[in-house]
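Where a number appears in this text, it was derived from the coordinates with a stated rule and is not lab data. Keep in mind it's a predicted model, so treat the numbers as computed, not measured. Virtual Cβ from ideal backbone geometry, glycine too; neighbours counted across all protein chains shown.
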Amino acid sequence: MADADITSGFASSDELTPEELQLATRNHGMPLEALRYGITPIGLHYLLIHYDIPVVDGDTWTLEVGGRVERPLSLSLVDLHQRPQRTLLATMECAGNGRAGLAPRALSQPWLLEAVGTGAWTGTPLGPLLAEAGLHRDAVEVVFRGLDRGIEGGIEQEFARSLPVEEAIGDDVLLAYELNGQPLPPQHGFPLRLLVPGWYGMTNVKWLTTVTAVAEPFAGFQQARGYHLRRDEADRGTPLSRMLPRALMVPPGIPDFLSRRRAVGVGPCRLEGRAWSGHAPISAVDVSTDGGSSWAPAELDPSPPSRWAWRGWHWGWEASPGEFELCCRARDEAGNQQPLDGVWNMGGYGNNSVQRVAVTVQDTGPRPQGRPERA
Ligand SMILES: Nc1nc2c(c(=O)[nH]1)N[C@H]1C(S)=C(S)[C@@H](COP(=O)(O)O)O[C@H]1N2
Ligand SMILES: [Mo]
């Protein structure tokens with residue numbers, strides 16, 4: 001078994017291990033055809049749960065705000081609902097999205113590309129709440145702790161992450177109690193989760209129980225050891241924070257049941273998808289039909305209603321018979337662009353290399369989507 005480190009080793013072959021399969025069935029991705037929805041329906045949004053989903057009684061649960069503050073607060077769910085309310089559309093992606101595309105594969109949740117979703121998150125802004133508690137001058141970080149417990153890297157822990165004070169008091173940081181107009185479902189953090197738009201998924205602590213201002217950087221496992229880009233064991237690494245740009249497409253045509261290889265009919269074919277970046281708004285999406293040798297600019301939809309929501313794009317492809325490898329890549333206004341190949345790291349994080357969809361275009365291809373059978 002694993003040494004006491006963040007990785008429990010690497011897969012030695014392409015075949016999934018039983019442990020990866022166990023994680024993959026608990027933590028599902030968003031089926032890529034659901035990129036068609038601007039707001040991901042609950043149940044299609046991806047899930048990542050390190051330990052077990054806690055059962056929480058919303059009537060007796062409280063949030064404790066304390067640590068380096070003047071006036072510790074204890075807030076019920078009713079108290080939180082009575083505070084100013086805000087709804088934010090935000091795209092969330094797991095930092096491990098794309099992990100299975102790196103070799104050797106870090107043994108963890110074996111994401112392909114589907115660890116993403118966009119929610120309408122409703123809650124109360126964190127900044128004013130921290131102001132009310134009165135942060136001490138020596139507070140440098142705020143620690144967010146969930147109710148879920150487990151063992152990782154040999155260490156028993158609750159899932160907990162921290163943010164620098166200046167990030168925690170940011171305008172768009174919410175304590176969210178609703179998703180898509182419904183109370184948070186158990187799997188998404190009922191009764192309350194943190195929402196830090198633009199940051200990778202692990203930042204958004206679910207089943208929140210304490211918010212603690214601290215005078216020293218938080219050294220908890222998920223903060224100090226997990227979620228770092230590390231070249232090797234000796235490398236302390238760089239912490240993951242904001243989401244790198246990524247574009248994904250709805251795989252066109254129809255899939256083969258087992259391989260999911262796509263079959264597309266000859267003629268016009270609309271390629272469409274969504275793109276996002278936690279660093280800056282999306283500025284361009286390019287499409288390739290030859291595996292990334294040549295690129296054409298896709299058309300971007302109007303800017304999304306929220307800076308933090310993905311942006312739609314589409315491109316008209318004139319599909320002729322043959323074998324194709326479709327790719328898409330996003331660029332953001334800060335000049336970040338998706339690479340053709342991912343950069344390997346110990347934990348398999350931040351692999352935003354371009355999506356590749358193998359397609360066979362055939363004469364007797366499928367009917368265009370949604371068109372009724374001719375009588
Ligand atoms: N308490 C708690 N919060 C958590 C997690 C967890 O396991 N426990 N997983 C994190 C990770 S790694 C991700 S990617 C997101 C996933 O959020 P979702 O399942 O609502 O999509 O939640 C984050 N918040
Ligand atoms: Mo994650």
Legend entry - Convex hull volume of the chain per residue (C-alpha atoms, cubic angstrom): 158 Å³
Inset, instruction - Take each of the peptides 265-278, 246-259, average the number of other beta-carbon atoms within 10 Å over its residues, and list them starting from the highest. - result: 265-278, 246-259
Legend entry - GNM result for the chain, Cα springs below 10 Å: residue of PRO18, PRO321, PRO304 fluctuating most strongly: PRO18
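Over 23 Å, how big is the tail of the calculated P(r) for segment 246-362, in percent of all Cα pairs?
32 percent
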Inset, instruction - Counting helices only, and only those DSSP H runs with n ≥ 4, report the 222 nm mean residue ellipticity of the chain as the sum of -39,500 (n - 2.57) divided by its residues, in deg cm²/dmol to the nearest 500. - result: -2000 deg cm²/dmol
Inset, instruction - Arrange the following residues from fewest to most other Cβ atoms within 10 Å of their Cβ: ASP286, ASP138. - result: ASP138, ASP286
Inset, instruction - First check a/c for segment 194-316, with a ≥ b ≥ c the square roots of the eigenvalues of its C-alpha gyration tensor; if it is under 1.5, answer rounded, and if not, answer prolate when a/b is larger than b/c or oblate otherwise. - result: prolate
Inset, instruction - Could you please state, rounded to a whole Å, how far the C-alpha centre of segment 277-298 is from the C-alpha centre of segment 153-174? - result: 32 Å
Inset, instruction - Enumerate by residue number the trypsin sites (Lys or Arg not before Pro) in segment 59-150 meeting two conditions: DSSP loop (anything except H, G, I, E, B), and at most 15 other Cβ atoms within 10 Å of the site's Cβ. - result: ARG137
Inset, instruction - Normalising by the residue count of the chain, find the relative contact order in percent from Cα pairs under 8 Å and 6+ residues apart. - result: 18 percent
Inset, instruction - Restricting to the chain, compute how many DSSP beta bridges are antiparallel as a %, nearest 5. - result: 90 percent
Legend entry - Descending principal axes extents, segment 1-102, alpha-carbon based, whole Å: 54, 42, 25
